[in-house]
Amino acid sequence: GHSPASISFFCEKDKYVIAGDVLFYGSIGRTDLPGGNFDTLISSIREKLFPLGDDVKVYCGHGPATSIGFEKDTNPFLNS
């Protein structure tokens, strides 16, 4: 997550993840807070969320919902 002890909840049956402040529509969580680490956040998204599948809907802590596939294709923080 974007800070230590941050968690996400995945519902495999209905193909959605509640990602909190980890991944947003077109953005990612802040890493300037105490304990935050940009590299850890990016690794968590790529290693934990991306494998869930492109069609998995992402409910973010703020803003509109998105999907894993959309973020893989368009999120500027994840396409570098």
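The values are calculated or read from the model by the stated rules, or taken from the named source; none is laboratory data. Quick caveat: nothing in here was measured; it's all calculated off a predicted structure. Virtual Cβ from ideal backbone geometry, glycine too; neighbours counted across all protein chains shown. Calculation scope for accessible area: heavy atoms of the full protein, side chains included, ligands and nucleic acids excluded. Shrake-Rupley method; radii C 1.70, N 1.55, O 1.52, S 1.80 Å.
Things to note:
- The chain: radius of gyration over Cα atoms, expressed as a fraction of 2.2 N^0.38 Å: 0.98
- Heavy-atom surface analysis with a 1.4 Å probe gives the chain a carbon and sulfur content of 54 percent of its accessible area.
- Charge tally around Phe9: other residues with Cβ under 15 Å, Lys/Arg +1 each, Asp/Glu -1 each, net +1.
- Accessible area per residue, Å², the chain with all protein chains present, probe 1.4 Å: 60 Å²
- Solvent-accessible ranking of Glu12, Glu71, largest area first, probe 1.4 Å: Glu12, Glu71
- Using the Karplus relation 6.51 cos²θ - 1.76 cosθ + 1.60 with θ = phi - 60°, the per-residue 3J(HN,Hα) values for segment 21-37 come to 9, 8, 10, 10, 4, x, 7, 9, x, 5, 10, 8, 7, x, x, x, 8 Hz, with x marking Gly and Pro.
- Within segment 13-61, the trypsin sites (Lys or Arg not before Pro) that combine a DSSP coil assignment with at most 13 other C-beta atoms in a 10 angstrom radius are Lys13, Arg30.
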